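Read the structure below first, then the notes.
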Amino acid sequence: MTAIEVRQLQKTFQTKRKAAGLGASARALFKPEYSEVEAVKKLSFQMDAGELLGFIGPNGAGKSTTIKMLTGILHPSGGEASVLGFTPWKERRKLAFHIGTVFGQRPQLWYHLPAIDTLLLFGKIYELDDREAKKRIEFLSEAFEIRDLLETPVRKLSLGQRMRCEVAASLLHRPKLILLDEPSIGLDVVAKQRIRDAIRRMNQEEGVGVLLTSHDAGDLEALCKRVIIVNHGQIVYEDKVSTLKRKHLTSKLVEVRYAQEIPSNFHLKGVELLKVGRYGVKLRFDSNQTPVDRVMAHLSGAGDLVDITISDPPVEEVIAKIYKDGPA
Amino acid sequence: MKKYLAIAQMQIINNIAYPGDVLGRSVSIAVFLFIFAGLWRTTFIIAGTESINGLTFADMMWYLMMAETLELGRPRTNRVISEQVKNGEVAYILNKPYHFLLYHFWFGVGDSLMRVGTNIGVGVVVAWALAGPPPSLAGWGMALVTLVGAWVLHFCMMALIGLAAFLVEETNSFELIYQKAVFILGGMLLPLDMFPEWLQRIARLLPFPYMMYAPARLFVKPEPSLFWQMLAAQWMWVAVLVFVLALAYRGSERALTVNGG
Amino acid sequence: MKNIQFLLALWKANLQASMEFRAAFLTQVVFMILNNGAYFVFWILYFDKFNEVRGWTLNDMMLLFGIAACSWGVAAYFFGNFTMLAEIIVKGRLDYYLSLPKPALLHALASRSIGSGMGDIIYGVGSFILSGYLSPEGFARFIFCVFTGVCIFIAFLIIVQSLSFWLGNTTALSQIALSALLTFSLYPSALFNTATKFILLTLVPAALIGSVPAEFVRSFAWDGFLQITAGALILLGLAVTVFRSGLKRYESGSAIQVEV
């Protein structure tokens with residue numbers, strides 16, 4: 001079954017152009033000059049019910065704009081979309097009963113109230129009866145490990161705790177599909193992992209479909225089966241995550257710091273040194289060509305390790321690589 | 001001294017950058033004068049006289065024009081100070097080689113000069129259209145001289161309310177009440193001449209008439225004896241309030257160190 | 001029905017939030033009552049000297065203040081975002097309300113409560129009781145006029161602020177419009193000439209919040225009733241229409257992002 005079907009979706013924003021100064025302001029009031037920005041250009045894709053689909057791309061790629069059209073917040077400039085059988089911008093409120101949304105940078109929990117109060121309010125908004133709402137909150141607070149946080153005013157929670165409450169709130173009304181816009185933005189590694197685990201669990205247990213935007217390739221690896229990469233409002237890549245991983249997500253960034261000064265002739269085969277300082281090194285390697293354990297063994301053998309971070313390259317680099325290598 | 005003038009100058013330029021603000025105040029003045037022209041024109045027709053308690057319809061309108069332009073142009077030192085206390089900026093100002101209160105005084109001067117200037121411009125046009133030509137040159141002179149003292153009094157009160165922000169979180173309520181005291185006891189909405197005798201006597205014992213009534217009344221009735229009398233009382237109140245302000249400032253300086261600001 | 005339940009739940013959440021800052025809330029309420037009372041001293045002094053103006057006495061002014069203050073207070077306390085709409089539109093904060101299955105405009109308006117509004121409500125009711133026009137029918141008419149007054153305040157501001165969908169931030173403009181509306185609503189329109197009266201019934205519908213309702217509460221008259229009812233309905237209809245058509249152009253703050 002298809003959850004989302006998008007055909008030739010477009011969104012063009014008109015931005016007012018205004019020169020500086022009072023005179024220009026006055027002129028702009030009567031005869032404004034517009035310039036057009038195409039945020040989304042003829043986008044087409046499909047998503048199955050219960051699928052975990054990642055929607056990634058750099059800032060300003062059109063991810064959020066697309067999500068906002070799929071929830072009915074924005075009216076498209078052209079094209080069609082059907083979400084759970086509804087046309088979002090025409091049947092926004094009907095659709096809203098069946099989907100959940102989280103906008104990472106726009107909290108929906110009331111700031112001065114404990115999360116439980118917002119959850120109960122959401123129960124009213126989604127027209128659940130009180131018993132049902134309480135039972136559901138009970139279940140979610142276990143799944144998201146937020147039982148102890150529910151009574152604390154939201155302003156006193158850490159970002160990671162708050163985000164778990166936010167995602168839990170979006171699942172209160174048993175939606176068939178949730179749209180998560182940058183749910184992991186600003187979170188540390190552990191907090192990201194906990195959110196991802198809970199989302200995956202909800203997908204497995206309740207079959208809720210997840211459409212997730214992110215500019216963190218880690219979200220994608222951990223959560224999604226399929227990925228769509230957008231850039232400049234267009235799809236540049238669409239495939240299974242496993243394929244993407246094999247072909248393009250192979251390089252790793254490593255940063256290490258040592259207790260002592262490192263030898264000036266620090267060197268390792270199959271590894272690209274990005275920066276060598278007196279106490280630390282930053283390097284990149286391709287895990288397809290150089291095994292991870294060999295790099296790790298060498299690094300820990302070079303001195304007493306104080307600190308190590310391993311990360312995936314930013315999405316921008318992945319996209320650049322896809323452009324260079326050509327689509328799969 | 002030079003640095004303080006620079007602050008005032010900065011604030012004048014700063015105000016030019018907000019044409020929306022000028023428009024807003026102009027509309028306020030126009031609406032205010034328009035409504036009161038309606039009220040007093042009707043009142044004079046019903047009373048069937050040229051003047052009530054010595055004031056004609058034209059006197060009334062020019063009085064209100066002067067009062068309203070001052071009300072909308074007076075310093076907003078309380079808001080600036082409490083904003084600075086809230087966002088912690090106050091620490092930077094205290095650390096600079098300025099006297100805190102003198103900084104705010106000149107900041108206020110710059111702020112007001114610009115606003116009173118545009119207010120009077122608009123006020124004159126509106127009042128002229130509603131009530132005929134403005135008062136004599138003597139009126140302008142006496143009004144301008146007493147405006148200075150009135151402004152200093154306003155500044156002291158606003159700075160006092162602003163300093164209260166060191167102690168309590170919300171100072172807007174104080175300003176509202178202060179504003180209403182000026183509206184009524186200061187004679188902004190109704191000249192003291194129209195008050196019942198007993199209330200007039202009470203009002204004259206308070207600083208409020210010298211913040212509003214003095215310049216507005218002398219503007220429409222420039223009587224030399226009244227001028228000297230008002231001026232003396234006004235500056236006596238300036239002396240009192242400056243003294244109170246200085247005390248309050250020393251007190252709040254201590255409160256700030258306690259807060260660790 | 002479900003929407004009423006939803007509104008009640010929203011107001012409950014607002015109340016809970018304001019109880020987090022109980023002392024500040026009570027201070028605001030008390031000071032607003034004092035503030036309104038102090039302002040009204042003008043009319044006490046005026047009518048002390050002149051007994052009436054075009055048929056308006058001190059009691060009539062108390063009635064007018066009662067209705068206007070109460071209308072404002074209800075709007076501010078129960079629909080506190082009605083002065084913030086322009087900012088909500090421009091900064092993309094409508095997203096939240098649009099992503100939930102309740103009427104977005106109603107939800108947005110009722111999601112904030114201005115504490116001092118409760119002070120205006122208390123002052124308004126008090127002023128009405130003291131005006132001497134309290135009677136069962138008078139009270140019913142008072143409630144009706146407060147209800148229409150709330151509609152007119154809110155509808156007027158929705159219309160002005162919805163221009164933000166087309167013109168960008170209209171907060172400054174709407175503040176000017178609001179202060180004109182509010183100021184004019186506190187004076188009897190009998191003071192003005194016919195042209196001004198017409199404007200106060202239409203473009204700046206202040207008379208429909210102040211003088212017309214005051215006369216209507218004083219004694220029932222069909223023309224007053226029709227003016228108030230028609231005014232409120234037309235303005236509300238216009239407000240919803242303008243907001244809805246603006247929504248099609250809603251940019252959710254994205255345009256700003258694109259610009260950078």
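The values are calculated or read from the model by the stated rules, or taken from the named source; none is laboratory data. Note that the coordinates shown come from a computational prediction; the quantities given were computed from them, not determined experimentally. Reconstructed Cβ throughout: ideal geometry from the backbone, glycine too, with neighbour counts over all protein chains shown. The area values use the complete protein model at the heavy-atom level, side chains included, leaving out ligands, DNA and RNA. Shrake-Rupley method; radii C 1.70, N 1.55, O 1.52, S 1.80 Å.
What percent do you get for the relative contact order of the stretch B:158-240 when only Cα pairs under 8 Å and 6+ apart count?
Relative contact order here is 22 percent.
Put a dot 7 Å past each Cα toward the Cβ at C:A24 and C:K248; how far apart are the dots in nm?
4.1
Between B:I13 and A:D197, what is the label-point separation in nm under the 7 Å Cα-to-beta-carbon projection?
5.8
Simple spin-label model, 7 Å along Cα-to-Cβ: B:V168 to C:I199 in nm?
4.0
For the stretch B:216-228, in order, what is each residue's ³J(HN,Hα) by Karplus, 6.51 cos²θ - 1.76 cosθ + 1.60 with θ = phi - 60°, in whole Hz (x at glycine and Pro)?
5, 6, 5, 4, 8, 9, x, 9, x, 4, 4, 4, 5
When the label point is put 7 Å from the Cα of B:S225 along its Cα-to-beta-carbon vector, which residues of the stretch B:27-66 have a backbone N closer than 19 Å?
B:53-55
Looking at the square roots a ≥ b ≥ c of the eigenvalues of the Cα gyration tensor of the stretch A:134-283, which shape do they give, rounded for a/c under 1.5, prolate if a/b is larger than b/c, or oblate?
oblate
Can you figure out the FRET efficiency of A:E261 with A:V292, using R₀ = 22 Å and their beta-carbon distance, to the nearest 0.05?
0.25
Identify, among B:L5, B:L160, B:G187, the residue whose Cα sits farthest towards the positive end of the charge dipole of the stretch B:2-256, taking +1 on the Cβ of Lys and Arg and -1 on the Cβ of Asp and Glu, with the dipole about the Cα centre.
B:L5
Ordering C:K49, A:K324, A:K252 from largest to smallest accessible area (1.4 angstrom probe), what's the sequence?
Correct descending sequence by accessible area is A:K324, C:K49, A:K252.
If the limit is 28 Å between Cα atoms, which of A:K240/C:K102; A:K94/A:K135; A:K11/A:K156; A:K134/A:K240; A:K269/A:K321; A:K192/C:K248 go over it?
A:K240/C:K102; A:K11/A:K156; A:K134/A:K240; A:K192/C:K248
List the relative contact order of the stretch A:116-201 as a percent without decimals, with contacts defined as Cα pairs under 8 Å and 6+ residues apart.
Relative contact order comes out at 33 percent.
Show me, for the stretch C:103-116, the HN-Hα J-couplings you get by feeding each phi into the Karplus relation (A = 6.51, B = -1.76, C = 1.60, θ = phi - 60°), rounded to Hz, glycine and proline as x.
Along the stretch C:103-116, the couplings run x, 4, 5, 4, 4, 4, 4, 8, 7, 9, 10, 8, x, 5 Hz.
Where in the stretch A:56-82 does the amide nitrogen come within less than 13 Å of the point 7 Å from the Cα of A:Q10, taken along Cα to Cβ?
The answer is A:76-80.
Between the stretch A:209-283 and the stretch C:146-218, what is the C-alpha centre distance in whole Å?
60
Can you tell me the dipole magnitude for the protein assembly as shown around its Cα centre, using point charges on the Cβ only (Lys, Arg +1; Asp, Glu -1), in Debye to the nearest 20?
1080
So how do A:Y34, C:Y77 rank on accessible area, 1.4 Å probe, biggest first, that is with the largest at the start?
The ordering from most to least exposed comes out as A:Y34, C:Y77.
For C:G253, enumerate residues with amide H under 5 Å from its amide H, sequence gap 5+ or separate chain, H modeled in the peptide plane.
Under 5 Å from the amide H of C:G253: C:G92.
Along the stretch B:72-86, what does the Karplus equation 6.51 cos²θ - 1.76 cosθ + 1.60 (θ = phi - 60°) give for ³J(HN,Hα), rounded to whole Hz, x for Gly and Pro?
Each residue's phi maps through the Karplus curve to give 7, x, 5, x, 10, 3, 4, 5, 4, 5, 5, 4, 5, 5, 5 Hz.
Helix A:115-125 against the longest principal axis of chain A: what's the angle in degrees, Cα atoms only, rounded to the nearest 10?
The two axes meet at around 40 degrees.
Which order do C:R22, A:R147 take when ranked by solvent-accessible area (1.4 Å probe, heavy atoms of all protein chains), largest first?
C:R22, A:R147
Just need the relative contact order of the stretch B:2-256 here, percent rounded to a whole number, with Cα pairs under 8 Å and 6+ apart.
This gives 26 percent for the stretch B:2-256.
Please give me, ordered by residue number, the GluC sites (Glu not before Pro) of the stretch B:33-122 that lie in loop per DSSP and have at most 13 other Cβ atoms within 10 Å.
Qualifying residues, ordered by number: B:E50, B:E89.
Find out how many positive minus negative residues lie around A:K90, taking Lys and Arg as positive, Asp and Glu as negative, among other residues whose Cβ is under 14 Å from that of A:K90.
+3
Would the stretch A:251-311 count as rounded, prolate or oblate if I go by the C-alpha gyration tensor, calling it rounded below 1.5 in a/c and otherwise prolate when a/b exceeds b/c, oblate otherwise?
Prolate, because a/c is 1.5 or more and a/b exceeds b/c.
Calculated FRET efficiency, C:Q5 and C:N169, Cβ-Cβ r, R0 35 Å, to nearest 0.05?
It comes out at approximately 0.55.
Measuring with a 1.4 Å probe in the full set of protein chains, what accessible area per residue, in whole Å², belongs to the protein assembly as shown?
44
Under the rule a/c < 1.5 gives rounded, and otherwise a/b versus b/c splits prolate from oblate, where does the stretch B:3-59 land using the Cα gyration tensor?
oblate
Rounded to the nearest Å, what's the spacing between the alpha carbon centres of the stretch C:65-122 and the stretch B:1-72? Just the number, please.
32
Which residues does a label at A:E36 reach in the stretch A:66-93, if reach means a backbone N under 16 Å from a point 7 Å past the Cα toward the Cβ?
A:76-79
Assuming R0 = 45 Å, can you tell me the calculated FRET efficiency for the pair A:L273 and A:Q204, based on Cβ-Cβ distance, to the nearest 0.05?
Step by step, r from the Cβ atoms, then E = 0.60.
Name the long-range amide H neighbours of A:F55: under 5 Å, sequence gap of 5 or more, or other chain; modelled H, no Pro or chain starts.
Residues meeting the criterion, in which the H sits 1.01 Å from N, are A:L212, A:T213, A:S214, A:I228.
Would you mind telling me the share, in percent, of accessible area of the protein assembly as shown contributed by carbon and sulfur at probe 1.4 angstrom?
61
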